[in-house]
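The structure appears right after this line, and notes come after that.
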Amino acid sequence: MIRARIFTKYFYFSFAIFSLFVLPQAKAQSPGLSNLTCEHLSDPLGIDAASPRLSWQMTDSSRGARQTAYQVWVGTDSLSLLSGHADAWHTSKIASDSMLVHYQGKPLAPFTRYYWKVMVWDEHGKTSSSRIAHFETGLMNKSNWQGFWISDDKDKNFKPAPYFRKVFSLHKKIRSARAYIAVAGLYELYINGHRIGDHRLDPMYTRFDRRNMYVTYDVTSELKDGDNALGVLLGNGWYNLQSTAVWHFDQAPWRNRPAFCMDLRITYDDGNVQTISTDKSWKTSTGPVIFNSIYTGEHYDARLEQLGWNTTHFNDSSWRTVIIRSAPSPNIVAQAMQPIRHVEAIPALSTTKKDDSTYLFDIGRNIAGVSKITVEGEAGTVLRLKYAERLDSNGYADQSNIDVHYRPTDDSDPFQTDIFILNGKGRESFTTRFNYKGFQYVQVTSSKPVKLSKESLTAYFMHSDVAPVGNIHSSNPTINKIWAATNHSYLSNFFGYPTDCPQREKNGWTGDAHIASETGLYNFDGITVYEKWMADHRDEQQPNGVLPSIIPSNGWGYEWGNGPDWTSTIAIIPWNLYLFYGDAQALADNYANIKRYVDHIDYLYPNGLTTWGLGDWVPVKSKSPVEFSSSIYYYADALILSKAAQLFHKPDDEKRYTALAEKIKNAINDKYLDRATGIYDKGYQTELSMPLFWGVVPEELRHKVAGNLAAAVQKNNNHLDVGILGAKAILSALSDNGYPEVAYALAAQETYPSWGWWIVNGATTLYENWKIDSKSDISLNHIMFGEIGAWLYKGIGGIRPDEKAPGFKHILLTPHFIKELRYFDADHEGPYGKIVSSWKRADGQIRYTVVIPPNSTATLHLDDLDGKKVYLGNEEMRNNGNIELTAGHYQFVIR
Ligand code: BGC
């Protein structure tokens, strides 16, 4: 993956140079189609969806480019597709501008590669055809599994990780081979000694007793004529957490020794199929991974390595027979999503030798991930790698901000620490396989002196490998750093489910996740991970609608922290996916769940106000009433539900939830709003921001409330006085209601309390607490204050989706030309292509560049122009504040 990215960069670079000299005239993008995806993935393998989503983009940069019709072909034979024949599905020419369709052809068969292409007609009736893309179905139905679930005969407390192997012979020419592997726990898969794929921490964390995931690999080129060896190493992950902490994952109802089921499905040239599966013929042993915990670390004794264990030439006579186990859940589904990878390699910035056996590595920034250490030393030398986000006053790794919830029963499992025991056979390397940590520093201590240098350690930033889809760049370096830090925290907390922090908890805290979801969607193509996480929600929901505060959960969190201010994820995340992708799948999949959830709150709190929740978490000083903030989230859920009901043509529901939303809104305003003054409750920043942001304020009082908010902020010397719920709302509440400069003053503030305060103090990620020296709640890698990463797009760049034409089909462009900024560039790659909103000041003018992707439109709204006029070329734009734009590139001048 890392290689691929470098290559892509290099490719773009050389292409840019090439086009500079050879293609100076080739400015406009010629019409064509690109970004073909199936289930939001490019040419995926192992899809279980019965009616997968297909989507594409036009690549036409001409003004007004749009799609007027499309035609889709799907078939099993790529050649006949070329000539327009498709045996699975072909539509007629459909007059539509939609670029996302659900497959509606013949029932898809399992284990089958389908090729597809699309042709579109543009506004002149000109056609463009796509490349031939493909997707491949997986097992589709659990009855298609051949293998048994197998494990060794050890119990869940046994520490060394189990290794499995099997040798088999092949004698016919192979056309293709796929490995399907379902695991309770984590795995590494090898064929003939090669590790298959570059995924890490596979499969993703789910509620293991309700849903398990399998992963598909194309292993055609790994197999050879004659003997072949399969090797599988299993890790514990969240399935068998042996470490003890306050959430009691060691007592999870699903906990057991890791197990797996695998089918290696080989199709021969003659069309025959053979499946090599997990069964009693496999053998098992243990090896160098003597302990592994997703939460704390991994212990590796290199003296126990069994060289060649995953190859054919290996004597496994001392290995034991496996046992057959029952499947961990009745529900084994395809993992159709971006995997976790070692996305970025980060060399150590410095190393400090503390003494002969202690070194401190600094990687220069805070990340989630692992390290690779390379060292030479005597056999039996024990290296301990302790990971920390900060140093104590003597310059040693300090974990006191992150180990507070850990409850070790002895000293055998130190927090965020790997143990590496050398085999003494020369240079040896070690990287954790089944764990990750949050850190900037790695302190290495050894039982006997070893020589280490800066080059001895490399860190790997790990996360779900979602493609970046947004950029912010401004003339204020602090803002740029806040944006980067927000992305680092967002990604550090994206591991197949969104987490709160990568060190202390790694919990799927719901509140943190919905707060950060817009930031995530502006910056990364994360839909596959969120859709999977919404399935986790459905697994966790009680029949009465209640959700736990952390998801997935072992049962913890149904009694604490799970009010609507946190668990509104059930409504907010599907809604945001709809807004950002124009794809209503998640909303449809979760509709019944949102309904049960909202109904439950209605049942418990019939007057429309709910006291259920945590409130404005980690506030600076003022704390708003929980009832106030929770009821606003409850309102947001009811409103989303009413809109979803409208979308899905459920008039009774629409009526009912519109009325419910209205009732909640009125109850909030009746109790908390002083209509004469335009003040909510005590007038704290959170109390004025949340009703503005979530649309609770009566229209006629919006300006008054916003004015009060701006005044409250200015009175506080442009400093925040909010917790996480207020921080979500305050910037947009100001910039959407006439006070973008006040919002900017908060966003760019550099003294306590502010985002910039963290940055000027060296932060490379966002923190959990405004106070840097707080005694508690001070993880240095939390995303819950991360809304600012979305606000930069919304409040300054002004790129916003329109719920009436979601997925940026229609874009609401509302840039704010902040006085203190010389320039500001925002771009976002949406489903239709790249949207650009970029402005700079020069010679007393503002030059404003806009790019609207093909097949979409925008309404540009410019206010606060200080009496200046808007020109496009030399033409003055006549507008009443709104300028309608079709696709294309625009250069406005404001003077
Ligand atoms: C987590 C938060 C979470 C909070 C809920 C903390 O321990 O780290 O991010 O939302 O608890 O109370």
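A short reminder: the numbers here are calculations on the coordinates, not readings from a lab. Being a predicted model, the structure only gives us computed values, none of them experimental. All Cβ positions, even for glycine, are placed from backbone atoms using ideal geometry, and neighbour counts span all protein chains on display.
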Residue by residue, what Karplus-based ³J(HN,Hα) values in Hz, rounded to whole numbers, does the range 527-533 have, using 6.51, -1.76 and 1.60 with θ = phi - 60° and x for Gly and Pro? 4, 5, 5, 5, 5, 4, 5
Relative contact order, percent, of the chain when contacts are C-alpha pairs under 8 Å separated by at least 6 residues? 10 percent
Give the share of C-alpha pairs in each 10 angstrom bin for the range 722-862, from 0 to the last occupied bin, in whole percents, shortest bins first. 11, 36, 32, 17, 3, 0
Report ³J(HN,Hα) in whole Hz for each residue of the range 793-808, in order, from the Karplus equation J = 6.51 cos²θ - 1.76 cosθ + 1.60 where θ = phi - 60°; Gly and Pro get x. 5, 6, x, 10, x, x, 8, 9, x, 10, 5, 7, 9, x, x, 6
Can you tell me the orientation of helix 510-523 relative to the chain, as the angle in degrees between its alpha-carbon axis and the longest Cα principal axis, to the nearest 10? 80 degrees
Relative to the compact-globule scaling 2.2 N^0.38 Å, provide the ratio for the alpha-carbon radius of gyration of the range 552-684. 1.10
Which lysines have a Cα less than 28 Å from the Cα of Lys840, not counting those fewer than 8 places away in the same chain? Lys9, Lys27, Lys481, Lys728, Lys794, Lys809, Lys819, Lys868, Lys869
Compute for the range 322-378: radius of gyration divided by Kirkwood radius, i.e. Rg/Rh, restricted to C-alpha atoms, rounded to two decimals. 1.23
Helix 724-735 sits at what angle to the longest principal axis of the chain, using alpha carbons and giving 0 to 90 degrees rounded to 10? 40 degrees
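If you only keep lysine pairs separated by 8 or more in sequence, or across chains, how many in the range 150-259 come under 28 Å at the Cα atoms? Before the final figure, lay out each step's value.
Values: Lys154/Lys166; Lys156/Lys166; Lys166/Lys224; Lys172/Lys224; Lys173/Lys224.
Close lysine pairs found across the range 150-259: 5.
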Gyration tensor over alpha-carbon atoms, the range 812-895, equivalent ellipsoid semi-axes in Å: 21, 15, 11
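If I stretch the segment between Thr374 and Glu884 completely, what's the gain in nm (0.36 nm per residue apart, minus their alpha carbon distance), one decimal? Each step should come with its number before you reach the end.
Details: separation 510, 0.36 × 510 = 183.60 nm, distance 5.93 nm.
Net length gain for the segment: 177.7 nm.
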Compare the peptides 68-75, 137-144 by average per-residue count of other Cβ atoms within 10 angstrom and give them in order, highest first. 68-75, 137-144
Please give the helix 651-672 orientation as an angle from the longest Cα principal axis of the chain, in degrees from 0 to 90, rounded to the nearest 10. 70 degrees
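Compute, for the chain, the length of the dipole vector about the Cα centre, with Cβ point charges of +1 (Lys, Arg) and -1 (Asp, Glu) only. Units Debye, rounded to 20. Don't jump to the answer; show the numbers that get you there.
Details: 91 positive and 96 negative charges, 251 e Å.
Using Cβ point charges on Lys, Arg, Asp and Glu, the chain gives about 1200 debye.
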Sequence-distant residues sharing a close amide H with Leu349 (under 5 Å, placed H): Asp362, Ile363, Gly364
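For the range 140-297, what D do you get in µm² per second when you plug the Kirkwood radius from alpha-carbon pairs into Stokes-Einstein at 20 °C and 1.002 mPa s?
On the way: Rh = 16.4 Å.
Answer, rounded: 131 µm²/s.
Give the calculated FRET efficiency between Lys655 and Asp225 to the nearest 0.05, with a Förster radius of 56 Å applied to their Cβ-Cβ distance. Working shown, then result.
Numbers: r = 68 Å, r/R0 = 1.21.
About 0.25, to the nearest 0.05.
Between Asp356 and Leu391, what is the FRET efficiency for a Förster distance of 22 Å, r being their Cβ-Cβ separation, to the nearest 0.05? Intermediate values should be presented prior to the final figure.
Working: r = 20 Å, r/R0 = 0.90.
My answer for the efficiency is 0.65.
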Rounded to two decimals, the Debye log10 I(q)/I(0) of the range 232-316 (Cα scatterers, no solvent) at q = 0.25 Å⁻¹ is -1.24
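Could you give the semi-axes, largest first, of the ellipsoid that matches the range 431-562, computed as the square roots of 5 times the alpha carbon gyration tensor eigenvalues and rounded to whole Å?
Sorted largest first and rounded, they come to 31, 23, 13 Å.
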Provide the FRET efficiency to the nearest 0.05 for the Asn157-Ser318 pair, computing r from the beta carbons and using R0 = 30 Å. 0.80
Here the residues of the range 382-403 lying in the modelled label zone of Ile290, meaning backbone nitrogen under 20 Å from a point 7 Å along Cα-to-Cβ, are 382-387
Given backbone amide H placed at 1.01 Å from N, residues whose amide H is under 5 Å from that of Ile679, ignoring those fewer than 5 places away on the same chain, are Asp674
Using only the Cα atoms, what convex hull volume per residue in Å³ does the chain have? 181 Å³
Under 20 Å between alpha carbons, and skipping anything fewer than 8 positions from Lys650 in its own chain: which aspartates and glutamates qualify? Asp583, Asp589, Asp599, Asp602, Asp637, Glu662, Glu803
Whole-Hz ³J(HN,Hα) for each residue in the range 829-839, computed from phi via Karplus 6.51 cos²θ - 1.76 cosθ + 1.60 with θ = phi - 60°, x for glycine and proline: what do you get? 8, x, x, 9, x, 7, 9, 10, 9, 8, 9
Counting other beta carbons within 10 Å of each residue's own, what order do Asp198, Asp152 fall into, fewest first? Asp198, Asp152
Say the dipole of the range 378-494 comes from +1 at the beta carbon of Lys and Arg and -1 at that of Asp and Glu; which of Ser456, Val469, Asn493 then lies farthest toward its positive end? Ser456
For Met877, which sequence-distant residues (separation of 5 or more, or a different chain) have an amide H within less than 5 Å of its own amide H, given hydrogens modelled in the peptide plane? Val870, Tyr871, Leu872
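Defining a contact as two alpha carbons under 8 Å apart and six or more residues distant in sequence, what relative contact order in percent does the range 527-667 show? Write down the numbers at each step before the final one.
Working: 198 pairs, mean separation 30.6, N = 141.
Relative contact order comes out at 22 percent.
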Sequence neighbours fewer than 8 away in the same chain don't count; with that in mind, list the lysines whose C-alpha is under 30 Å from Lys353. Lys372, Lys386, Lys425, Lys437, Lys448, Lys451, Lys454, Lys775
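Could you put Ile290, Ile421 in order, starting from the residue whose Cβ has the fewest other Cβ atoms within 10 Å? Walk me through the intermediate numbers first.
On the way: Ile290 16, Ile421 22.
Starting with the residue having the fewest Cβ neighbours, the order is Ile290, Ile421.
Please pull out the direction-averaged projected area of the range 310-460, using the convex hull of its alpha-carbon atoms, in nm² to one decimal place. Can you show the working numbers first?
Values: hull surface 54.1 nm².
Hull-based average projected area comes out at 13.5 nm².
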